[in-house]
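The values are calculated or read from the model by the stated rules, or taken from the named source; none is laboratory data. Computed from a predicted model, the values in this text were never measured in an experiment. Here the Cβ is made from the backbone with ideal geometry for all residues, glycine too, and neighbour counts use every protein chain on show.
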Amino acid sequence: MSTHITGRLTRRSFVNSVGTALGGAGALLAGGLPISIANSAVTKTPFGIAVELEPFRNDPEYRKALTKYADILVPMNALKWASLRHNRHEFDFNGADEIIEFAKLHGKSVRGHALLWYAYNPKWVEAISSAKQAEKLLVEHIEQVVDRYRGVIPSWDVVNEVVAHDPLSQGNWRKGIWLDLLGRKHVEIAFKAAARTDPNAQLVINDYDLANFGRRFDARRDAILAIVRNLQDQNIPVHGVGLQAHLYAERETDADGLALFVKKLTSLGVKLLVTELDVIDWRLARDPKRRDLAVARTASEFLAALYSAGDVESITCWGITDKYSWITDVFKRKDGAPNRPLPLDRNYQPKPLFHTIEKYRNLG
Ligand code: 9MR
């Protein structure tokens, strides 16, 4: 069922009330952003979970795990263009609203994902052919969505994956409808529209493949830094960089490269968020116990590099249980064994990855 554009969902007081509901355990971050720390001590890094609608609606154990473990909920797909914009004239907020109401009920904060992405756009958007139309549509979309959740979603992935997969051979920018029609200023347009609509929101640039050894990874980190500097040079607000952290267990972490990246971001006054953590285990040996340890080790090396270099504002996993993960669809194992990419197993029992994340969260 679709709803017409109806303006704001609820009161600004929702997010502010989270801290109070927790008996004063809510924290105001440096940027003045309230964040729920329902299950944690004041110094512990908040933990987020990306929520898939299907199990959210149908699996009571899944909802229990969200309630038990998350400080922050992130609609995994429900705020993407293809979910919201079935046609040009209507917005369908139903899925996102379900998750956000649940968050509200359970005192969780929410992150929004994502206002601009080259992928997962509806066909009618892909069919747009003029720059003028594209800009109007993009600005209108961001204004409507950010305004509806003003005071309810304090942190947004404004742009997702705008850096090319391989900047060395492709140039810095990701090809796609927004770059094709608007050029590199599509990023500026998006951040400006988000900032204008909710001046209190934390605005984040989110991307993948930023953690490993190799010139492609160096180039990707440099491209992110260049975009952040460019926005800042024009006085366009950008508050955070989201490291997706879909980590491949067979790749080596570039601890020094990552630490340097964090230090540069910190010196630019930009926060660091882990936004989509999971570990791709398709090439690990089959034995589940050893595999779980290797998965945890991969995450540990990544988190150690980050925590050695600066503050981590939040750690969000792209799901919570191995029962539901995009990795099962995209990175199937040759031996047919089920993937084990997330903190809880299929029976919702914590795995070594869970304890590793806890260990770093306790470092605050
Ligand atoms: O996990 C998401 C999957 O359910 C969707 O089908 C897919 C397309 O919308 O997006 C997946 O999430 C992606 C995220 O939005 C951006 N970073 C990569 C994630 C995994 O593909």
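Can you find a residue that is away from the ligand (no atom under 16 Å from the Cβ), surrounded by fewer than 18 Cβ atoms within 10 Å (Cβ to Cβ) and small (Gly, Ala, Ser) anywhere in region 178-197?
Within region 178-197, one or more residues are away from the ligand (no atom under 16 Å from the Cβ), surrounded by fewer than 18 Cβ atoms within 10 Å (Cβ to Cβ) and small (Gly, Ala, Ser).
Only one of (1) surrounded by 14 or more Cβ atoms within 10 Å (Cβ to Cβ); (2) among the hydroxyl-bearing types (Ser, Thr, Tyr); (3) more than 30 Å from LYS64 (Cβ to Cβ); (4) away from the ligand (no atom under 16 Å from the Cβ) is not met by TYR149, so which one is it?
Of everything listed in (1) surrounded by 14 or more Cβ atoms within 10 Å (Cβ to Cβ); (2) among the hydroxyl-bearing types (Ser, Thr, Tyr); (3) more than 30 Å from LYS64 (Cβ to Cβ); (4) away from the ligand (no atom under 16 Å from the Cβ), TYR149 misses just condition (3).
For every residue, the table says whether it meets (1) surrounded by fewer than 16 Cβ atoms within 10 Å (Cβ to Cβ); (2) at pLDDT 95 or above; (3) assigned to a loop (DSSP other than H, G, I, E, B).
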{"position": "LEU284", "(1), (2), (3)": "no, yes, yes"}
{"position": "LEU306", "(1), (2), (3)": "no, yes, no"}
{"position": "GLY319", "(1), (2), (3)": "no, yes, yes"}
{"position": "LYS334", "(1), (2), (3)": "yes, yes, yes"}
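For region 134-142, state whether one or more residues are within 16 Å of the ligand (Cβ to nearest atom) and of a type in the set (A, V, I, L, M, F, W, C).
no
Which residues, counting only those in region 98-121, are surrounded by fewer than 18 Cβ atoms within 10 Å (Cβ to Cβ) and either under 19 Å from TRP318 (Cα atoms) or within 12 Å of the ligand (Cβ to nearest atom) (or both)?
GLU98, PHE102, ALA119, TYR120
Which members of region 253-269 meet the condition of being under 15 Å from ASN230 (Cα atoms) and buried (at least 18 other Cβ atoms within 10 Å of the Cβ)?
LYS264, LEU265
Against the definition (in contact with a Phe, Trp or Tyr (Cβ under 9 Å, 6 or more places away or on another chain) and within 16 Å of the ligand (Cβ to nearest atom)), how does LEU247 come out, yes or no?
Working: in contact with a Phe, Trp or Tyr (Cβ under 9 Å, 6 or more places away or on another chain): yes; within 16 Å of the ligand (Cβ to nearest atom): yes.
Criteria met by LEU247.
In contact with a strand residue (DSSP E or B) (Cβ under 7 Å, 6 or more places away or on another chain), outside any loop (DSSP other than H, G, I, E, B) and at pLDDT 95 or above: which single residue out of LEU66, LEU79 fits that description? Spell out the reasoning first.
Working: LEU79 fails: outside any loop (DSSP other than H, G, I, E, B).
Result: LEU66 is the single residue among LEU66, LEU79 that is in contact with a strand residue (DSSP E or B) (Cβ under 7 Å, 6 or more places away or on another chain), outside any loop (DSSP other than H, G, I, E, B) and at pLDDT 95 or above.
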